[in-house]
Amino acid sequence: MDAFFASVEQRDFPELRGKPVAVGGSRERGVVAAASYEARKFGVRSAMPSAIAARKCPEIIFVKHRFEVYKEVSQQIREIFHSYTDLVEPLSLDEAFLDVTQNKQGIERATEIAKKIRKEILEETKLTASAGISMNKFIAKVASDMNKPNGQTLIHPLKVDEFTANLEIDKFFGIGKKTTEKLHGMGIHTGADLRKYERRELVSLFGKSGRYYYNICRGIDERPVQPNRIRKSVGAERTYSEDIGELEEQMEALSKIAEEVSRRMVKGNHLGKTITVKMRYSDFTTHTRSRSLDHFTNSESEIYAIAIELLSEHPREQPFRLLGISLSSLNVETKSKGGQLTLDF
């Protein structure tokens, strides 16, 4: 989807159309969850501190998020996907991989399927979507960002080698800012530059990620589209309008977060073993503390008790602007021919 959260707000509130909009945060505090294309022209991006966004774009309008609305729209879109294929792997509320090798409507050309899906999304939700079409998930993902908004890009299998060779390294999905800086320092600026390194060299430099880098610069991605992806963690976090420094304030904040995490765990029928507390200072320095239990839990009281202990183990050098709690090492149930299989990992 194109600037999904912000586009929903502009759709529902005509006075926001054509104006720079940021969902989440405020002019003084918080983080931008999504920015409209009008705001992006000024360099505003998601995950940017709101204060920086306001400096870059003085006319920006901050609006509160409405996640329940975004979820409803996302469900509408996924129903459209499933009218073409059951092989749908959601990445988030606004993005998914679709395998249309065999599709329910018997359409031979993937480009035609993408056009039809985008047309249906526009007609049903009044929102635009962009698509990338290729032979694997990595190439399709990169292609999906090349003709936004409201466009689509096909990378034919015979063009993949040339495409990845010429692709700027910061455009490779899965290569972040820090890794990009490291690669640039090594003189690697394109896929062709990355191909000069052997697999063992990249593994030595980047660990397991080195194998991924070796493959993707050659357009190799053998990951299937997984319609039932296993969830690895459940969590919640809060950014506060004013830094919280008093222990009582922090304990009260963690209590509310623990309640929300427990609610989400119970709703999803999840249990977890590893509890992690996330703490962020006003300068955006972030720390985490974790503890693994010898049993599964989704108990609010237990989550809260462990979170308080983890917080107390961390020296309170400054007030916090953000606190969060997550549970991982989940017991995840997946369907199988023999019933339900519980995977403990």
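The values are calculated or read from the model by the stated rules, or taken from the named source; none is laboratory data. What you see is a predicted model, and the numbers here were worked out from it, not measured in a lab. Counting neighbours? That spans all protein chains shown, and the Cβs are built from the backbone with ideal geometry, glycine included.
Restricted to the stretch 178-218, and to residues there that are touching an Asp or Glu at 6+ places or on another chain (Cβ under 8 Å) and without any contact (Cβ under 8 Å) to a residue 12 or more places away in the chain, the residue that is farthest from Leu154 (Cα to Cα) is Gly187. Scanning the stretch 272-289 turns up one or more residues that are aromatic (Phe, Trp, Tyr), touching a residue at least 12 places away in the same chain (Cβ under 8 Å), under 30 Å from Thr180 (Cα atoms) and not in a helix (DSSP H, G or I).
Sort through Gly18, Gly43 and tell me the only one that's part of a loop (DSSP other than H, G, I, E, B) and more than 21 Å from Asp145 (Cα to Cα). Give the steps one after another, and end with the answer.
Numbers: Gly43 fails: more than 21 Å from Asp145 (Cα to Cα).
Testing whether each residue is part of a loop (DSSP other than H, G, I, E, B) and more than 21 Å from Asp145 (Cα to Cα) leaves just Gly18.
Take the stretch 32-90 and flag every residue that is among the β-branched types (Val, Ile, Thr), over 30 Å from Glu112 (Cβ atoms) and touching a Ser or Thr at 6+ places or on another chain (Cβ under 6 Å).
First, pick out the residues of the stretch 32-90 that are among the β-branched types (Val, Ile, Thr): 32, 44, 52, 60-61, 63, 69, 73, 77, 80, 85, 88.
Checking the rest, the ones that are also over 30 Å from Glu112 (Cβ atoms) come to 32, 44, 52, 60-61, 63, 69.
Of everything in the stretch 32-90, just one residue is among the β-branched types (Val, Ile, Thr), over 30 Å from Glu112 (Cβ atoms) and touching a Ser or Thr at 6+ places or on another chain (Cβ under 6 Å), namely Val32.
Of the residues making up the stretch 270-288, one or more are surrounded by 13 or more Cβ atoms within 10 Å (Cβ to Cβ), touching a Gly at 6+ places or on another chain (Cβ under 6 Å) and closer than 29 Å to Arg29 by Cα. Among residues of the stretch 80-98 that are assigned by TED's automatic domain parsing to the domain that holds Glu112 and in a helix (DSSP H, G or I), those with a beta-carbon under 6 Å from a residue that is of a type in the set (D, E, K, R) and crowded, with 17+ Cβ neighbours inside 10 Å at least six positions away or on a different chain give the pairs Ile80/Glu120.
Given the residues Leu93, Leu154, Leu98, Leu158, which is the only one that is of a type in the set (A, V, I, L, M) and surrounded by fewer than 14 Cβ atoms within 10 Å (Cβ to Cβ)?
Leu158
Among the numbered criteria (1) part of a loop (DSSP other than H, G, I, E, B); (2) crowded, with 18+ Cβ neighbours inside 10 Å; (3) in the same structural domain as Gln10 (by TED's automatic domain parsing), which single criterion is violated by Ala54? Evaluating Ala54 over (1) part of a loop (DSSP other than H, G, I, E, B); (2) crowded, with 18+ Cβ neighbours inside 10 Å; (3) in the same structural domain as Gln10 (by TED's automatic domain parsing) leaves (1) as the failure. Of all residues in the stretch 235-263, exactly one satisfies the criterion of being part of a loop (DSSP other than H, G, I, E, B) and not charged (D, E, K, R), namely Gly245. Selection of the stretch 1-30 for residues being farther than 24 Å from Ala96 by Cβ, of a type in the set (A, V, I, L, M) and out of contact with any Asp or Glu (no Cβ under 8 Å at 6 or more places or on another chain) yields only Ala22.
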